[in-house]
Amino acid sequence: MIKKTVLITGGSRGIGLECVKIFAHNNYNVIINYKNSDKNAEEIKNELEHLYQIKVLLCKCDVSCEDSVKKMFEKIKKEFNHLDVIINNAGIAIDQILEDKTSKKFSEVINTNLIGPFLIIKYGYPLISKGSIINISSTNGIDTEYIESIDYDASKSGLISLTRNFANYLAPNIRVNAVAPGWVNTDMNKELDDKFIKEENKKILLGRFAECYEIAKVVYFLSSDDASYINKSVIRVDGGLC
């Protein structure tokens, strides 16, 4: 029996790493895409291959660069020749006051958070005969906008639109959904001011930020047969906003 295979972008830390762990635990071969964390990625690969009887393929690639994405999928096709799940998790945020934002920085965020998923799906879906694609968006792309994150918010809103368009295009054999987390305890949010965190927690019914593994569990569910009739949907995971 051929094991299922998942590609996770931005898979060396945060939500992506927790997704890597849960899919590996469920006997998937795992392709970890990352941009910079060579040592960390190697450690993850060694640990998972030791714990589970799976293959772990590391793919260092900037998802916003089309040539790099093409080469990554050539490598994936050579190694596995198929995919069952794609998770578009790689993303960046460059939060600044509006006066300091430049078109260059704005484009950098859009290129990673929106163009990247477009390229990954465009070149990845031909390897999926029947499977699932999950895009990691954000409640920032729905209704929790911040002027300091105007570029990030726009990218995550665009990712929801991308999700719906690809769901239409790839049906019925490939389901395409998005997960929209609220605040999550990631490296991206480690530098937030304590006072700001306390104020944001007051807006959340559960009174806290999510942990990365809590988002990964939802991602795994959406990819599984238990979610076989969920398509073209955006699943909020935000603890309930007041």
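The values are calculated or read from the model by the stated rules, or taken from the named source; none is laboratory data. All values reported here derive from a predicted model rather than from experimental measurement. Because the Cβ atoms are built from the backbone with ideal geometry, glycine has one as well, and the counts that use them run over all protein chains shown.
Residue count for region 146-194, restricted to those that are in a loop (DSSP other than H, G, I, E, B) and either among the β-branched types (Val, Ile, Thr) or in contact (Cβ under 8 Å) with a residue 24 or more places away in the chain (or both): 7.
Looking across region 184-242, the residues that are aromatic (Phe, Trp, Tyr) and under 19 Å from ILE8 (Cα atoms) come down to TYR213, TYR220, PHE221.
Residues in region 82-97 include none that are at pLDDT below 95, over 25 Å from LYS156 (Cβ atoms) and surrounded by fewer than 22 Cβ atoms within 10 Å (Cβ to Cβ). Look at region 220-231: where a residue is closer than 13 Å to ASP84 by Cα and a partner is of a type in the set (Val, Ile, Thr) and part of a helix (DSSP H, G or I), sitting 6+ places away or on another chain with Cβ atoms under 8 Å, you get TYR220/ILE22. Looking at ASN135, ASN173, which is the one that is at pLDDT 95 or above and closer than 25 Å to SER12 by Cα? Result of the check over ASN135, ASN173: ASN135.
Being out of contact with any Lys or Arg (no Cβ under 8 Å at 6 or more places or on another chain) and either within 24 Å of PRO181 (Cβ to Cβ) or assigned to a helix (DSSP H, G or I) (or both) holds for only one residue in GLY16, GLY10, and it is GLY16. If I filter region 42-61 for residues that are closer than 21 Å to THR163 by Cβ, acidic (Asp, Glu) and either out of contact with any strand residue (DSSP E or B) (no Cβ under 6 Å at 6 or more places or on another chain) or touching a residue at least 40 places away in the same chain (Cβ under 8 Å) (or both), do I get at least one hit? No, because not a single residue in region 42-61 is closer than 21 Å to THR163 by Cβ, acidic (Asp, Glu) and either out of contact with any strand residue (DSSP E or B) (no Cβ under 6 Å at 6 or more places or on another chain) or touching a residue at least 40 places away in the same chain (Cβ under 8 Å) (or both). Of the candidates GLU74, GLU108, GLU47, GLU42, the single residue that is within 30 Å of GLU148 (Cβ to Cβ) and either assigned to a strand (DSSP E or B) or not hydrophobic (A, V, I, L, M, F, W, C) (or both) is GLU108.
Scan region 121-145 for residues that are touching a residue at least 40 places away in the same chain (Cβ under 8 Å), closer than 15 Å to ILE160 by Cα and part of a helix (DSSP H, G or I) and jot them down.
First, pick out the residues of region 121-145 that are touching a residue at least 40 places away in the same chain (Cβ under 8 Å): 121, 123-125, 127-139, 142, 144.
Subset that is closer than 15 Å to ILE160 by Cα: 121, 133-139, 142, 144.
ILE121, THR139 - these are the residues of region 121-145 that are touching a residue at least 40 places away in the same chain (Cβ under 8 Å), closer than 15 Å to ILE160 by Cα and part of a helix (DSSP H, G or I).
Going residue by residue through region 185-206, is there one that turns out to be modelled with pLDDT of 95 or more, at positive phi and surrounded by fewer than 15 Cβ atoms within 10 Å (Cβ to Cβ)? The answer is no; no qualifying residue exists. Being touching a helix residue (DSSP H, G or I) at 6+ places or on another chain (Cβ under 8 Å) and under 15 Å from LYS3 (Cα atoms) is the filter here; which residues of region 50-76 pass it? Those that are touching a helix residue (DSSP H, G or I) at 6+ places or on another chain (Cβ under 8 Å) and under 15 Å from LYS3 (Cα atoms): TYR52, ILE54, LYS55, VAL56, LEU57, ILE76. Report yes if SER129 is surrounded by fewer than 16 Cβ atoms within 10 Å (Cβ to Cβ) and small (Gly, Ala, Ser), otherwise no. Criteria met by SER129.
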